[in-house]
1. Just name one of I147, T161, T176: the one whose Cα is farthest towards the positive end of the charge dipole of region 117-205 (beta-carbon charges, Lys/Arg +1, Asp/Glu -1).
2. Run lengths n ≥ 4 of DSSP H only: what is the helix-derived mean residue ellipticity at 222 nm for the chain, with -39500 (n - 2.57) per run over all residues, to the nearest 500?
3. I need the P(r) histogram for region 184-230: all alpha carbon pairs, bin width 10 Å from 0 out to the longest distance, whole percents.
4. Can you tell me which of 35-47, 200-212 comes out highest on packing, and rank the rest after it, using the mean Cβ neighbours within 10 Å?
5. Going by accessible area, probe 1.4 Å, with all protein chains left in place, what is the ranking of H288, H233, H222, largest first?
6. Of G323, V313, L193, which is farthest towards the positive pole of region 182-334's charge dipole, taken about the Cα centre with +1 and -1 on the beta-carbons of Lys, Arg and Asp, Glu respectively?
7. Which order do T178, T223, T287 take when ranked by solvent-accessible area (1.4 Å probe, heavy atoms of all protein chains), largest first?
8. Hey, can you rank 303-311, 253-261 by average C-beta count inside 10 Å, highest first?
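The values are calculated or read from the model by the stated rules, or taken from the named source; none is laboratory data. Remember, predicted model here, so these are calculated numbers, not experimental data. Cβ coordinates were reconstructed from backbone atoms using ideal geometry, including for glycine residues, and neighbour counts include every protein chain displayed. Just the protein is used for accessible areas: all its heavy atoms, side chains included, with ligands, DNA and RNA removed. Shrake-Rupley method; radii C 1.70, N 1.55, O 1.52, S 1.80 Å.
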Amino acid sequence: MNYLQLKWHKLMHWEYWPMEFIYYPIFPVWLYYAIKARSFFFFNAANPSIKNGGMAMESKKEIYDIIPAQYIPKTVLVKKGAPVAKILEEVSTAGIHFPLIAKPDIGLKAFGVERIKNEKDLSSYIQKNANDFLIQELVPYRKEAGIFYVRHPNEEKGQITGIVSKEFLSIIGDGTSTMELLIKKNPRSHFQLDVLKKKYGVLLNTILDKDQEFVLVPYGSHTRGAKFIDESHKSNQKLVDMINEICNQIPNFYYGRLDILHASLDDLAAGKNFSIIEINGAGSEPTHIYDPKHSLFFAWREIMRHWRFMYQVSVVNYNKGYGYLSFKDGIAMLKANSQLEAQLKMI
């Protein structure tokens with residue numbers, strides 16, 4: 001696709017629009033709830049055991065620490081400046097082996113998440129990353145789902161309000177085209193071309209065999225090219241019961257999205273063959289809105305519906321003694337998050 005075709009595709013598909021174009025038109029709804037709560041940062045009380053309610057600047061390691069170990073990958077926190085030899089020792093002690101996953105402890109949008117194949121890759125990652133980061137075992141399951149969960153603080157059972165499956169960004173060989181040409185044939189991958197050139201270099205000149213699949217980005221991040229598919233209709237009582245069982249074991253967790261690698265939704269509902277790779281709190285989006293079949297009006301309805309849930313949960317917790325974030329601390333959080341995002345984009 002040429003430059004003008006790409007621009008037109010982006011203009012006609014709202015999923016690629018800047019976040020402010022999506023959220024600013026419905027900002028009055030947020031303001032309405034803020035006025036009712038008497039706090040612009042009422043979300044702090046949505047998940048009292050997570051910093052800032054999980055809106056931003058929360059430590060992933062601190063969240064992993066409140067999730068039962070059987071549900072998450074083996075994880076090691078690496079402090080900035082730690083020598084490679086010490087890191088390798090801690091990783092080995094934890095039972096983690098190459099290849100593995102490295103990602104920022106405080107991060108967003110999957111920026112800085114990398115698959116590390118060997119010690120050389122690890123050394124390179126350390127040099128690029130100026131902050132604390134996590135090392136995790138590589139989870140074997142290839143399917144990823146985002147399951148949005150909401151529970152009233154005075155109730156034992158919550159609900160699944162959305163399910164999204166994630167297709168990792170990939171290309172299929174035709175036996176004649178280079179990887180770069182295959183990338184350029186699909187707008188979703190073409191938008192990622194600059195990043196992919198930086199990552200793969202001359203490898204993009206390779207010609208894949210006919211029907212050979214190559215996964216370009218093995219992470220379910222919309223900002224890194226994954227395609228999101230709304231599978232909310234696949235929710236059933238067995239799956240709801242399993243997610244309830246998990247979330248009831250996480251202290252004061254009432255609102256957010258569980259990102260889960262799994263073999264199948266049926267296995268997940270049965271409590272087997274899955275691993276929670278992240279839990280996102282108040283900052284979670286109901287990411288099933290990004291299914292290309294959905295309109296912007298559908299997205300607005302879903303976002304506002306989830307804001308209502310978050311407001312309701314936060315008010316109940318506030319009345320139980322969990323405070324809102326002060327305006328000063330809230331503004332500081334937003335500034336820090338903006339600076340962090342700019343920093344992570346450089347990794």
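1. Going by the Cα projections, it comes out as T176.
2. Details: 13 runs with 127 residues, N = 347.
Rounded to the nearest 500, it is -10500 deg cm²/dmol.
3. 22, 57, 19, 1
4. Top of the packing list down: 35-47, 200-212.
5. So the residues, ranked largest to smallest area, are H233, H222, H288.
6. Farthest towards the positive pole: L193.
7. Numbers: T178 35, T223 60, T287 15 Å².
Sorted descending by solvent-accessible area, the residues read T223, T178, T287.
8. Top of the packing list down: 253-261, 303-311.
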